[in-house]
Amino acid sequence: MLLLALLIGVIAVPAATAIQAQSGITLTVALPDIMRMLLPKDVFAQFEAENPGVKVNIVYTGFDAQAIPPAANGLTENLEAIAKYVAKADVIQIASNTLSIEATRAGYLLNLAPLASADASLNVEDFLSGAWQSFQWDNSVWGLPVSTDAILVIYDPAAFDNAGLAYPNEAWTMDDFANAAQKLAQVDSSGKVTSAGMITYGNEVYLLRALAKQGFYDPNAVPDAPSFDSPQLEALLTTWAELQKDGYISANGSGEISAVPLKIFGSFGISAGIGFMAVGGSDGSSGNDSNAPTPPPVPESAGSLLPGGVAGLTTQGVAVSAGTQYPELAYKLAKYITNNASIANGLFGASPARRSLRGVQSTPAEGGMVVASRAPLSPEDQAFIDNALEKGFPVAELRYADYIVAALKAMIDDGTDAHTALQDAEAQAVTNLQTAADQKSTTVVTVATPIPEVVLQPGEIALNFGLQSFIQPMPNQEQWDQVIADFVASDPQVGKINLDSGFGDFAAYAGKYDCFYMGYNAVPNLDESLVLNLDPYLDADPGFDRSDVVGNALALAQKNNHTWALPIDIKPEVMKYNSELFQQAGVAAPENGWTIDQFVDALRALKPTADDATPFVPRGAGGVYLLQLIAAYGGLPLDYRTSPVTINFTDPATVEAIRQVLDLAKDGYIDYQELARGNFTVIMNGPTQDPIYTESLTGFNVREVIGGNPGADPYRITTYPRGSQYNTLSYDMGTAYISATTQNADACYRWLSTIARHPELFSAMPARRSLINDPPFAASQGADTAAIYKLVDALMSDPNTINFQSPFANGSDPSNFILEFWLNRAFDNYVLKDADLETELTTAQDFATAYQGCIANVAPFDATSQDRSAYLKQFTDCATTIDPSLTAMGMFVTQ
């Protein structure tokens with residue numbers, strides 16, 4: 001009777017919503033914020049043309065689809081989050097973890113089965129079978145798949161070879177995984193595991209499902225019911241819990257996770273793909289406007305199917321809210337989305353769910369954004385992934401998996417035995433299902449009314465403002481909305497500001513927006529024809545004081561005696577130190593900075609014996625931290641104050657400075673990671689116990705670290721150590737521009753001046769001294785914020801301070817990355833292979849000097865006549881001609 005009631009409740013379609021009554025209808029679709037920068041403006045134009053009188057509005061919702069808590073962790077929280085999400089739009093994006101069977105039983109989603117079965121144009125065979133079935137249970141269709149990826153066993157062949165282990169295969173058992181995790185783990189002299197041998201990233205349920213060879217439900221029950229009473233499942237969980245408690249398996253990971261040799265991960269983990277998304281412009285540009293070559297791939301890794309010769313699937317899709325007034329049209333829109341390459345390629349999957357869309361290129365977004373989800377794969381790897389997707393079991397096979405995870409947690413945290421934990425979990429699942437079903441009769445879903453367009457009054461204008469933001473959704477969207485509302489209310493001309501956040505190419509921003517903010521300083525490599533000179537506006541502004549701008553920030557915004565950008569915020573690289581560990585070791589806190597000698601003394605005090613943990617753990621990509629320490633010792637292997645960069649690898653003083661820093665790494669005081677292997681160490685930003693680590697003081701971690709109650713977090717901020725000859729600083733500067741093509745330059749300057757006075761919009765170090773000294777601002781940030789900011793201001797003003805910009809930073813010189821690669825390779829060979837330092841540095845200098853001679857013939861980039869990718873290729877051609885080993889390493893990936 002329950003199933004009959006469910007079907008009756010979802011099949012009925014009110015007559016008032018028939019398609020023939022569609023004149024003046026607005027349908028809404030909820031998509032994650034990141035799609036804002038990936039979708040072409042006319043993404044739904046074809047749908048609107050096929051359905052006259054219908055308009056589609058996109059509602060950007062952050063990552064709401066991924067953020068819904070599992071029902072096993074709390075049914076009330078799960079259903080409340082679902083209820084809030086399905087009220088946002090007629091059609092909603094769903095993820096593997098979005099839909100719970102409890103949510104569908106409670107009546108929050110429309111059953112699409114009647115509409116799909118009546119749709120003669122729906123080609124079910126076009127979908128990957130596992131993807132198509134991913135959102136189907138209770139004889140219903142709760143969503144349509146858009147994109148998918150395969151969960152696989154990913155492993156490092158070299159690590160397996162070194163451990164004397166056979167490679168994983170589809171015949172592996174739980175014992176095989178346990179043996180590998182134990183042999184691949186790293187342990188200290190006491191036998192304690194310091195690095196897991198296997199990591200699952202929360203995907204352990206896929207492996208457990210494959211090992212169990214069946215789902216966690218009773219396939220014969222109608223309606224669907226959980227079924228956890230299995231001796232085999234109990235045995236699997238018992239072994240797993242012990243391995244995780246002992247540290248051999250990590251579920252989510254912390255610290256450096258790229259080095260874990262055995263993973264349960266998506267297909268992006270194969271070869272060059274793990275964690276790497278290349279974003280490029282439609283004109284062939286790098287997309288993020290970095291002039292550096294494409295970052296090289298991570299070391300090659302391999303993959304295997306899960307036990308039983310299957311793969312798991314993580315599927316992204318679309319569903320229809322039970323609150324829609326237009327179920328038939330909403331279904332048509334959902335089906336349209338599944339067949340749109342731009343959306344399918346942007347929804348976090350390795351492949352569209354439709355076979356017919358595989359290999360179809362996305363239509364570039366306005367402004368040139370297009371996503372290439374991974375570096376090119378070998379034909380063998382691509383064939384393996386294609387086969388895995390065909391053999392993937394649907395997400396629906398994992399219904400009730402959140403209760404399995406809850407049982408596992410009870411075993412690990414509370415010592416509960418597997419049988420009891422599974423019994424308790426199954427009982428909770430049954431209770432939750434009945435509670436959800438009982439709630440259905442009172443469930444009412446009302447889709448939010450689309451926000452009406454602002455109608456400009458006579459004489460009013462709308463400003464199109466672009467905001468480069470690598471955090472989506474923006475955590476401070478409400479502050480932006482408030483500042484925009486206040487500005488529009490007070491400005492005599494501007495009636496509306498269209499804020500568009502994302503990340504993209506500088507030239508594209510200049511062509512698309514009236515004015516825009518970039519998270520970096522583009523002036524050094526600026527095409528001056530794209531933006532306006534700001535000096536006339538600055539000179540005429542009584543509220544602007546050039547001496548109020550921190551350090552040399554204003555000078556950095558100038559080129560050819562003109563100011564092209566308005567400095568907004570500063571993002572310095574800093575050190576964070578654990579004040580409690582410093583106190584325990586008897587080390588004075590570097591509250592006002594420290595010298596290189598004090599820094600080294602601290603390292604030695606924090607690691608009194610060889611078995612103690614490494615005290616200094618650099619985070620992020622590249623070896624800039626080493627250059628800063630070397631400079632503090634008086635060495636400048638690369639002097640960025642000159643143009644071109646001065647190469648000085650072999651000067652005796654430089655060699656000695658390099659040796660002193662690298663010996664700290666060889667002696668275990670610095671957590672040194674190979675720099676020239678062409679990959680990025682993955683460092684999680686979660687809880688840490690590292691005595692000292694590095695972090696960019698950007699955006700939304702400022703208040704967390706140096707604000708609030710100082711006792712809540714032992715970590716404090718300080719600068720890099722200074723030397724007797726040089727001070728060092730690595731920073732970037734957020735800047736704002738007025739497009740040369742805008743018709744509203746005066747209004748743009750008023751708007752940019754406004755946001756420059758609102759540091760809460762950027763949550764970083766303001767570029768104005770008056771703001772740093774503003775008591776309300778200092779109070780909102782924490783008592784020691786102003787001191788840190790003033791110290792950075794002083795360093796920026798000091799002519800002896802050298803700014804070491806990351807070679808991967810936006811706006812950096814395209815040659816920096818390659819020059820530093822050869823230097824980093826010399827560092828690697830000395831630290832990791834005990835090579836002769838002088839010989840390695842001489843070889844590196846020979847390559848770097850020859851390279852500089854080659855690129856001296858490259859003319860400056862001309863955006864009006866050159867393709868950026870062709871321009872950058874001149875640099876890579878020089879590098880590979882001089883050093884052919886770069887090609888063999890796969891250093892440069894052609895996008």
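Let's see how each residue does on (1) in a helix (DSSP H, G or I); (2) modelled with pLDDT of 95 or more:
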position	(1), (2)
LEU79	yes, yes
ALA89	no, yes
ILE92	no, yes
ASN97	no, no
GLU102	yes, yes
GLY107	no, yes
ASN111	no, yes
ALA116	yes, yes
ALA120	no, yes
Matching residues in the stretch 443-481 - criterion: being within 20 Å of LYS84 (Cα to Cα), open to solvent by 30 Å² or more (accessible area, probe 1.4 Å) and under 30 Å from the mean Cα position of the chain (by Cα)
ALA448, PRO450, ILE451, PRO473, PRO475, GLN477, GLU478
Which count do you get for residues in the stretch 694-708 that are buried (at least 21 other Cβ atoms within 10 Å of the Cβ) and either within 15 Å of GLY620 (Cα to Cα) or modelled with pLDDT of 75 or more (or both)?
2
Of the candidates ALA835, ALA856, the one satisfying the condition of being closer than 20 Å to LEU886 by Cβ and in contact (Cβ under 8 Å) with a residue 60 or more places away in the chain is ALA856
Here are some conditions: (1) in contact with a Gly (Cβ under 9 Å, 6 or more places away or on another chain); (2) open to solvent by 40 Å² or more (accessible area, probe 1.4 Å); (3) assigned to a helix (DSSP H, G or I). ALA171 meets all but one. Which one does it not meet?
(3)
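Could you tell me whether VAL86 is touching a helix residue (DSSP H, G or I) at 6+ places or on another chain (Cβ under 7 Å), open to solvent by less than 10 Å² (accessible area, probe 1.4 Å) and farther than 17 Å from VAL395 by Cβ? First the steps, then the outcome.
Values: touching a helix residue (DSSP H, G or I) at 6+ places or on another chain (Cβ under 7 Å): no; open to solvent by less than 10 Å² (accessible area, probe 1.4 Å): yes; farther than 17 Å from VAL395 by Cβ: yes.
In short, no.
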Identify, by number, the condition in (1) closer than 19 Å to TYR737 by Cβ; (2) open to solvent by less than 50 Å² (accessible area, probe 1.4 Å); (3) at pLDDT 95 or above that ILE570 doesn't meet.
(3)
Which count do you get for residues in the stretch 821-855 that are closer than 17 Å to ASP639 by Cα and not in a helix (DSSP H, G or I)?
0
Within the stretch 112-123, is there a residue that is in contact with a strand residue (DSSP E or B) (Cβ under 6 Å, 6 or more places away or on another chain) and either among the polar types (S, T, N, Q) or open to solvent by 10 Å² or more (accessible area, probe 1.4 Å) (or both)?
yes
For residues that are open to solvent by less than 40 Å² (accessible area, probe 1.4 Å) and charged (D, E, K, R), scanning just the stretch 587-625, find the one that is farthest from LEU638 (Cα to Cα).
LYS607
Touching a residue at least 40 places away in the same chain (Cβ under 8 Å), under 28 Å from ARG399 (Cα atoms), among the basic types (Lys, Arg) and open to solvent by 20 Å² or more (accessible area, probe 1.4 Å): which single residue out of LYS192, LYS213 fits that description?
LYS213
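The values are calculated or read from the model by the stated rules, or taken from the named source; none is laboratory data. What you see is a predicted model, and the numbers here were worked out from it, not measured in a lab. Cβ coordinates were reconstructed from backbone atoms using ideal geometry, including for glycine residues, and neighbour counts include every protein chain displayed. Note: accessible area is taken over every heavy atom of the protein model, side chains too, but ligands, DNA and RNA are not part of it. Shrake-Rupley method; radii C 1.70, N 1.55, O 1.52, S 1.80 Å.
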